[in-house]
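Any read-out appearing in this document is the output of simple, stated calculations on the displayed coordinates, not a laboratory observation. Since the model is a prediction, treat every value here as computed from it, not as a measurement. Ideal geometry is used to build each Cβ from the backbone, glycine not excepted, and the neighbour counts take in all protein chains shown.
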Amino acid sequence: MRGITKRYPGVTANDNIDLDLQRGEIHALLGENGAGKTTLMNILYGLAVPDEGQILVDGNPVRIAGPSDAIARGIEMVHQHFMLIPVLSVAENVVLGEETMANPVFLDKAEASRRIRELAGRFGFELDPDAKIESLSVGQQQRVEILKTLYRNAQVLVLDEPTAVLTPGETEEIFTLLRNLAKDGRSIIFISHKLTEVLEIADRITVIRRGRVIGQRRPSETTEEELAELMVGRAVLLTVERGESHPGEVRLKVENLHVKDDRGNEMVRGVDLEVRSGEILGIAGVAGNGQDELVEALVGLRRVAAGRLHLRGRDITGVSPRAINEANVGYVPADRHRFGLILAFPLTDNLVLTSYYKQPYARGMLRDGRAIAAAAREKVKAYDVRTPSIEVAAQTLSGGNQQKLIVAREFEGDTTLLVLDQPTRGLDVGSIEFIHRRIIEKRDAGTAVLLVSAELDEVMELSDRIAVMYRGKLVAFLDGRTADKNEVGLLMATGGRAAPAEATGSAS
Amino acid sequence: MSSAQRRSTRVGVGAALRAVWALTAVPLFAFVLALVVGAIVIVASSVLVLKNPFDPTLPISAYAALANGAFGSFDALVSTLVLTTPLLLAGLGVAIGFRAGLFNIGAQGQFLMGAVGSVAVAVQFRHAPAVVAITAALLGGMIAGAAWGFVPGLLKAVSGAHEVVTTIMMNYVALAALSWIVGGPLQQPGSVPPTTPSVGIAALPILLGRSGHIGILIAFLAVPLAWFLLFRTTRGFEIRAVGANPDAARYAGIKPRRLIVLTMSIAGLLAGLAGACTILGISHTMNPTFSTSVGFDSITVALLGRSNPIGVMLAAILFGAMRAGAGPMQINAGVPVELVDVIQALILLFLIANVVLRRLLRLRGVRGSEQTGFETITRSYGREATV
């Protein structure tokens with residue numbers, strides 16, 4: 001890609017970017033959210049048309065006007081959110097759009113299955129072509145996505161944050177697969193903001209900041225610190241200084257908690273835990289093991305099926321979200337667009353979302369716009385929310401700034417307990433650093449913190465104690481300073497029992 | 001400091017203009033396009049149906065007659081305001097519903113019940129002083145309309161039944177109830193067809209010209225009140241929050257179910273008041289064929305006004321003017337009054353198709369279907385039921 005420039009009204013998303021990809025290379029594209037990685041890849045995949053610059057394949061300029069052009073040139077993309085049909089089998093998903101026909105009416109399933117087995121075998125993994133997608137683990141589904149591209153004989157694979165949803169074990173497996181693909185002569189563009197992974201897997205690393213290429217490094221000649229600095233534009237502390245914790249009295253006590261999801265499945269099956277003032281309890285676990293339900297029950301958004309919740313000794317089982325909020329519990333939800341913000345509303349309204357009815361923001365039935373604006377200005381400043389105005393809608397902010405907005409609201413004042421569900425999901429290094437520091441500050445000020453994260457590094461880094469959640473239960477409690485990452489990873493994947501084929505392999 | 005302030009003011013004016021443009025561009029283009037297509041309809045129907053010679057200036061004379069009939073004289077103006085009044089009141093009700101994410105198709109039924117309610121009360125207060133009788137009759141209309149909005153609200157809160165379905169049903173119930181009440185308990189003995197007694201002393205006083213009753217004042221006073229409710233009170237914030245994101249609203253401690261019942265009742269109250277003003281201000285009696293399209297027109301009015309009370313006011317005046325000018329247009333230009341229905345329908349069509357409109361006209365920075373109202377119509381809102 002040569003001199004790619006793409007302008008959107010008000011921003012230059014890509015500013016004269018050069019990127020070259022060699023045969024058999026794993027090339028990492030590193031940059032903060034909004035740096036222009038996605039735009040660049042959309043241009044490569046034909047979803048956007050560059051204002052300037054050209055794309056060359058094997059030295060020849062090509063025009064890519066749409067994804068079908070890209071696919072015809074062997075360029076394929078594996079999206080962060082899988083594009084699979086859950087009720088169909090692996091084989092059916094793989095051949096979709098490129099069906100192998102036995103005759104004009106019927107699919108040749110046997111031939112499709114044979115080719116899938118052969119491809120999988122060639123790259124060193126197993127996959128049952130007849131298994132239904134919905135029965136597969138996330139890691140396996142991702143392999144199906146990759147298989148799809150191989151089936152269409154992709155020469156260039158673009159993977160958008162492929163490890164975001166994987167356990168450490170699965171990440172290792174996908175890395176092995178990627179290395180095998182590279183050995184086979186295929187080229188891979190690996191988009192990520194996880195520095196350790198990029199250093200581990202990539203042959204070359206290109207860092208993008210504000211639409212420009214800031215630097216290119218080889219893993220052997222750089223460090224995490226240098227990459228982070230290139231990405232953010234200033235020195236970044238990758239690990240927060242957290243010092244000793246000084247746990248005080250028990251703030252939150254959960255006894256034998258059971259919670260069901262919307263479909264009535266029991267997702268939390270008997271959880272007992274305590275969080276003390278001045279400590280961070282981290283809950284590690286693969287997404288979907290009941291963490292969201294646990295957290296939603298804690299803040300009153302989901303009914304408790306059985307068990308009791310105590311806050312500072314007071315029974316809060318079954319009370320309303322407002323009552324919990326008024327007990328000074330802060331909550332950062334995993335899905336900030338669902339529970340955290342009203343995207344169409346201005347920052348001012350979002351900053352008083354939980355206190356709009358209280359003094360000084362309201363007097364009786366009347367809202368006090370001036371007090372709301374004053375508080376908003378102050379919080380926006382204190383939490384470094386980058387915005388042109390406090391009157392713009394929350395949806396105009398970047399993900400990191402939206403998250404800071406929620407943090408500004410929820411960390412406010414003398415919090416008893418903070419419930420943080422994936423507080424830094426999808427954020428860039430700079431925002432992560434900022435939010436991590438605030439979490440430590442709150443802990444040191446005596447708040448009890450319950451941190452749920454699918455990001456094992458985050459749990460390891462912040463937690464004073466670590467609990468591992470597996471299939472609705474807390475299967476282990478570990479000391480945050482001495483816990484071993486591999487051990488926690490194994491507990492996350494297996495729940496502590498030696499797991500048979502379940503976590504690793506095929507269904508048949 | 002002061003220069004920074006000045007700069008921010010300048011930016012503020014520009015931003016405000018852009019914001020106004022972003023909100024008004026789509027309704028404006030919808031209206032203009034409706035007039036253009038309406039012009040084609042005028043010429044085509046004149047040539048094809050009435051077998052007149054081709055006359056390209058006919059649309060201009062028709063629209064001129066329409067405008068003249070709506071604004072051309074004091075009487076025309078009054079008649080426009082009188083026809084605006086029910087559209088404005090009911091339109092505000094529908095708009096408040098849209099703000100809460102509720103698609104209230106029941107304005108028609110609420111309007112009819114408001115009319116019945118006001119007559120029923122007026123008849124009881126035949127011998128009371130006028131002030132008492134008028135107040136009581138208006139209240140009667142509001143309560144009856146509110147009740148007709150309360151029921152679908154309650155059904156939705158309790159069982160999750162979608163308000164689109166239940167309000168349509170309530171419209172039919174209202175029609176049937178109307179013909180029973182007018183032909184039964186409220187029938188003026190011996191009247192054929194069955195008609196209610198006159199509202200008598202409860203008839204609204206005339207302030208302007210021959211027909212400008214006090215309901216006009218009430219309707220225009222409702223605009224700042226609705227605006228104040230939505231944008232200056234905590235209750236209004238709750239209504240808008242539930243409409244914009246029910247999950248976040250629930251987290252904020254708002255009880256969506258209670259708010260749904262409340263909002264539907266307010267919407268019904270306003271539509272009921274529209275019905276009361278129509279009966280007490282204009283017709284004074286009711287018969288089973290008492291019919292109107294106010295309830296349905298008010299939905300278009302709310303959409304055209306982007307669920308903003310000031311926008312709704314402008315849209316209601318526009319629709320009132322078209323209704324007032326339709327007769328004069330037929331008399332003076334020979335174009336049938338039904339053209340107004342065509343134009344109204346075209347406006348609705350272009351509003352709903354605003355995505356296409358924006359693309360065709362290359363409108364940038366203009367808000368369209370993501371805006372309150374359209375979104376309410378296109379979005380299923382059933383999740384609350386399962387919580």
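Within the same chain, lysines fewer than 8 places from A:Lys109 are excluded, and of the rest, those with a Cα less than 17 Å from its Cα are A:Lys132, A:Lys148. The shape of region B:1-139 comes out oblate: with a ≥ b ≥ c from the C-alpha gyration tensor, a/c is at least 1.5 while a/b does not beat b/c. When each of the peptides B:24-32, A:212-220, B:252-260 is scored by how many other beta carbons lie within 10 Å of its residues on average, the order from highest to lowest is B:252-260, B:24-32, A:212-220.
Translational diffusion of region A:228-366, estimated by Stokes-Einstein from the Kirkwood radius over alpha carbon pairs at 37 °C in a medium of 0.692 mPa s, is 186 µm² per second. Here's how it looks for A:Leu343: its modeled amide H is under 5 Å from none belonging to a residue 5 or more places away or on a different chain. Within the protein assembly as shown, antiparallel bridges make up roughly 55 percent of the DSSP beta bridges whose residues both belong there.
Across region A:212-217, rounded Karplus estimates of 3J(HN,Hα) from the backbone phi angles (6.51 cos²θ - 1.76 cosθ + 1.60, θ = phi - 60°) give 10, 7, 8, x, 10, 9 Hz, Gly and Pro being marked x. Taking a sphere under 9 Å around the Cβ of A:Gly430 and counting the other residues whose Cβ falls inside, with K and R at +1 and D and E at -1, yields a net charge of -2. Neighbours of B:Phe231 by Cβ distance under 15 Å: Lys/Arg scored +1, Asp/Glu scored -1, total +3. Partners of A:Lys442 within straight-line reach, counting aspartates and glutamates whose Cα lies under 15 Å from its Cα and excluding those fewer than 8 residues away in the same chain: A:Glu241, A:Glu244, A:Glu279, A:Glu410, A:Glu412, A:Asp414, A:Glu433, A:Asp464.
Which residues among region B:64-80 fall inside the zone where the amide N is under 20 Å from a point 7 Å beyond the Cα of B:Leu217, along Cα→Cβ? B:75, B:77-80, by backbone N distance to the label point. Where q = 0.12 Å⁻¹, what log10 of I(q)/I(0) comes from the Debye formula for chain A, counting one point per Cα? Log-scaled intensity ratios, in q order: -1.21. For Cα pairs less than 8 Å apart in space and 6+ apart in sequence, what is the mean separation divided by the residue count of region A:341-412, i.e. the relative contact order in percent? It rounds to 40 percent for region A:341-412.
Take each peptide in A:389-401, B:98-110, A:188-200, count the other Cβ atoms within 10 Å of every residue, and average; sorted highest first, the result is B:98-110, A:188-200, A:389-401. With a 10 Å cut-off around each Cβ of B:239-251, the average count of Cβ atoms from other chains is 6. Across q = 0.06, 0.08, 0.11 Å⁻¹, chain B modelled as identical point scatterers on its alpha-carbon atoms has Debye log10 I(q)/I(0) values of -0.26, -0.45, -0.84, in the order of the q list. Dividing the C-alpha radius of gyration of region A:235-277 by 2.2 N^0.38 Å, with N its residue count, gives 1.85.
Per residue, the average separation of C-alpha pairs within less than 8 Å and at least 6 apart gives region B:226-271 a relative contact order of 23 percent.
Of all DSSP-defined beta bridges confined to region A:2-232, some 45% are antiparallel rather than parallel. For the set A:Lys358/B:Lys255; A:Lys358/A:Lys381; A:Lys379/A:Lys485; A:Lys194/A:Lys473; A:Lys404/B:Lys156, the pairs lying more than 25 angstrom apart at their alpha carbons are A:Lys379/A:Lys485; A:Lys194/A:Lys473; A:Lys404/B:Lys156.
Take each peptide in A:305-313, A:279-287, count the other Cβ atoms within 10 Å of every residue, and average; sorted highest first, the result is A:279-287, A:305-313. Which residue, B:Ala90, B:Ala219, B:Ala130, tops the fluctuation ranking in a GNM of chain B built on C-alpha contacts under 10 Å? Maximum fluctuation in the GNM of chain B, among the listed residues, is at B:Ala130.
The mean number of partner chain beta-carbon atoms within 10 angstrom of a residue's beta-carbon across peptide B:252-258 is 5.
The mean number of partner chain beta-carbon atoms within 10 angstrom of a residue's beta-carbon across peptide A:345-351 is 2. Taken along its principal axes, the alpha carbon cloud of region A:392-504 reaches lengths of 53, 32, 24 Å, longest axis first. Helix screen, chain B: DSSP H segments with Cα axial length of 18 Å or more and mean Kyte-Doolittle hydropathy at least 0.5 are B:2-48, B:58-71, B:74-99, B:107-124, B:130-159, B:163-183, B:215-232, B:256-278, B:309-333, B:339-352.
Secondary structure note: in chain A, about 55% of the DSSP beta bridges are antiparallel.
Between helix A:399-410 and chain A there is an angle of about 10 degrees, using the helix long axis and the longest principal axis of the Cα atoms.
Note on region A:366-409: Kirkwood hydrodynamic radius from all Cα pairs is 10.7 Å, rounded to one decimal. Think of the protein assembly as shown as a dipole: +1 on every Lys or Arg Cβ, -1 on every Asp or Glu Cβ, centred on the Cα centre; then among B:Ala107, B:Thr292, B:Leu348, B:Thr292 lies furthest on the positive end. Directionally averaged projected area (the protein assembly as shown, Cα convex hull): 46.8 nm². Look at the alpha carbon pairs under 8 Å that are at least 6 residues apart: their mean separation over the length of chain A gives a relative contact order of 16 percent. Shape analysis of region A:2-232 based on the Cα gyration tensor places the equivalent ellipsoid semi-axes at 31, 21, 15 Å, largest first.
Scalar couplings 3J(HN,Hα) for region A:439-452, obtained by applying the Karplus form with A = 6.51, B = -1.76, C = 1.60 to θ = phi - 60°, are 5, 4, 4, 5, 4, 5, 7, x, 7, 7, 10, 10, 10, 10 Hz; x denotes Gly and Pro.
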